[in-house]
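The values are calculated or read from the model by the stated rules, or taken from the named source; none is laboratory data. Keep in mind the model is a prediction, meaning the values are calculated, not measured. Glycine gets a Cβ as well: all are built from the backbone with ideal geometry, and neighbour counts include every protein chain shown.
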Amino acid sequence: MKLLLKGGRVIDPSQNIDTVTDILIEDGKISMIQKNISLPEADSGGDLKIFDLKDKIVTPGLIDMHTHLREPGFEYKETIRTGSEAAVAGGFTSIACMANTDPVNDNRSVTEFILKQARLAAMANVYPIAALSKEQNGKVLTEFGDLKDAGAVAFSDDGNPVTDSGLMRHALEYAYSFDMPVISHCEDTGLSSGGLMNEGFISTQLGLPGIPGIAEDIMVIRDIILAEFTKTRVHIAHVSTAGSVQAVREARSAGINVTAETAPHYFTLTDEALMGFSTNFKMYPPLRGSDDVKAIKEGLRDGTIDTIASDHAPHSSIEKDVEFEYAANGITGLETSLSLCLKLVDDGILTIGQLIEKMSVNPSNILKIPKGSLKTGSDADITVIDMNKIWTVDTDKFCSKGRNCPFNGWELKGKAVMTIVGGDVRYTDFEL
């Protein structure tokens, strides 16, 4: 099968390309990028599809390096199939899934199961992130070498902070020998325990116990110090505070090998959203104050924050339709992430090229996966974006099983309208 994408604005930061041109896809690979590609009928062999992408943006497939697909163990919340369907609907051709399943992805068999289910789903590329410690209990490291051999691309106890600094040190050193990233969930549980939302004026007004920003900041600083000491790299997950942004900025200025991500809700919402006690706004880290939101945006602008990930965390009504105190943390994010991020472009915080860098090129570089580029010969993983498409979020129409989305009913501008994975069109949302 051949696909010819005509007349789109092709933006590929990996090659410094930003121009209106055509792309030819053959046998699942990018075979040609040039203006006005024309194939004789004999060459097409009747096996050619042509798509007119005028006024659309064509980019390397988006990569979400922080998702929770719930399978195995919590299939009533999400499956690898439904999560992958949600991914391509959101414009993501590749996703990396965290290890907090049941059983935990701390051994070869679970990693291989995830990859098998992803192949059966045949939607997005799925990259398992294995647990850093057995059972994610922060006591004994997993078998990094065996897990890498099985297909894991990183190690993380996300959902559980690694409070033992000695274990974290050994994890960084061990991962270095396999050239694998460690993704750190930064939380000092001595400061966060019992908290339900960001500590501040709003938590006091609502009478809810707070989680101070320093609960994140302290662990970010610890992991930066460990990265400097071990001369290895660490990736900080879901940055939400001004203090964390500043710590990462200073570390990078000092030449310490640290990267960082944030999620759309941390630059879109503040803790004021919790005034109605809706559990759809309950997440971890919690929504912070306006100063933190400003700092996150500045961290994205100046390059301190490398990537944007959804932290897609679907839950069922069993976990969310309860009193706020007892509700699970997390929101469904794969199908709204790109549109929320495009607001950064409209607001002049990022260029569209910089956004694609943070949502495709940089995640592929951090995870060291062969994605994030439209170079000739590379896998034909492509996202097509309509920057002007106005749409209303309707969780009842989500591909994900999760309905725990704080943006339900929001009118958003910009959307992925075609997702191509390995040369196959996996999603379309416009008239061909």
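Descriptive notes on the structure:
- From the options P363, P370, residue that is on the phi < 0 side of the Ramachandran plot and crowded, with 23+ Cβ neighbours inside 10 Å: P363
- Within the range 285-344, the residues that satisfy the criterion of being farther than 21 Å from I202 by Cα, more than 17 Å from the chain's Cα centre (by Cα) and polar (S, T, N, Q) are S316, S317.
- Scanning the range 3-18 for any residue that is assigned to a strand (DSSP E or B) and among the hydroxyl-bearing types (S, T, Y) turns up nothing.
- Taken as a whole, the condition of being of a type in the set (D, E) and part of a loop (DSSP other than H, G, I, E, B) does not apply to D149.
- Selected residue (criterion: surrounded by the most Cβ atoms within 10 Å (Cβ to Cβ)) from residues of the range 197-211 that are in contact with a Leu (Cβ under 6 Å, 6 or more places away or on another chain) and assigned to a loop (DSSP other than H, G, I, E, B): L208
- Candidate set from the range 225-267 (those that are more than 21 Å from I211 (Cα to Cα) and of a type in the set (V, I, T)); member that is farthest from the chain's Cα centre (by Cα): T230
- In this entry, R252 passes the filter for residues that are part of a helix (DSSP H, G or I), of a type in the set (K, R) and closer than 21 Å to E298 by Cα.
- Positions within the range 374-407 being under 17 Å from the mean Cα position of the chain (by Cα) and among the small types (G, A, S), in sequence order: S400, G402
- Failed condition for G151, given (1) surrounded by fewer than 23 Cβ atoms within 10 Å (Cβ to Cβ); (2) at negative phi; (3) touching an Asp or Glu at 6+ places or on another chain (Cβ under 9 Å): (2)
Residue by residue, here is whether (1) at pLDDT 95 or above; (2) under 29 Å from the mean Cα position of the chain (by Cα); (3) surrounded by 13 or more Cβ atoms within 10 Å (Cβ to Cβ) holds:
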{"site": "G8", "(1), (2), (3)": "yes, yes, yes"}
{"site": "D12", "(1), (2), (3)": "yes, yes, yes"}
{"site": "N16", "(1), (2), (3)": "yes, yes, no"}
{"site": "L24", "(1), (2), (3)": "yes, yes, yes"}
{"site": "K29", "(1), (2), (3)": "yes, yes, yes"}
{"site": "A42", "(1), (2), (3)": "no, no, no"}
{"site": "D47", "(1), (2), (3)": "no, no, no"}
{"site": "L53", "(1), (2), (3)": "yes, yes, yes"}
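- You will find that of E272, E325, E335, E357, the residue that is acidic (D, E), in contact (Cβ under 8 Å) with a residue 60 or more places away in the chain and in contact with a Cys (Cβ under 8 Å, 6 or more places away or on another chain) is E335 and no other.
- N404 being farther than 12 Å from P60 by Cα, touching an Asp or Glu at 6+ places or on another chain (Cβ under 9 Å) and assigned to a helix (DSSP H, G or I): no
- Meets criteria (acidic (D, E), touching a residue at least 40 places away in the same chain (Cβ under 8 Å) and outside any loop (DSSP other than H, G, I, E, B)) for E187: no
- Taking the listed residues A131, A89, A121, the one that is in contact with a strand residue (DSSP E or B) (Cβ under 6 Å, 6 or more places away or on another chain) and at pLDDT 95 or above is A89, with no other qualifying.
- Of the residues G377, G348, the single one that is over 20 Å from L300 (Cα atoms) and of a type in the set (G, A, S) is G377.
- Pairs with Cβ under 6 Å, 6+ apart, first in the range 293-304 and touching a residue at least 40 places away in the same chain (Cβ under 8 Å), second crowded, with 20+ Cβ neighbours inside 10 Å and part of a loop (DSSP other than H, G, I, E, B): G299/I305
- Of residues in the range 214-249 being in a loop (DSSP other than H, G, I, E, B) and β-branched (V, I, T), the one farthest from N160 (Cα to Cα): T232
- For the range 289-345, residues that are assigned to a helix (DSSP H, G or I) and of a type in the set (A, V, I, L, M, F, W, C) total 12.
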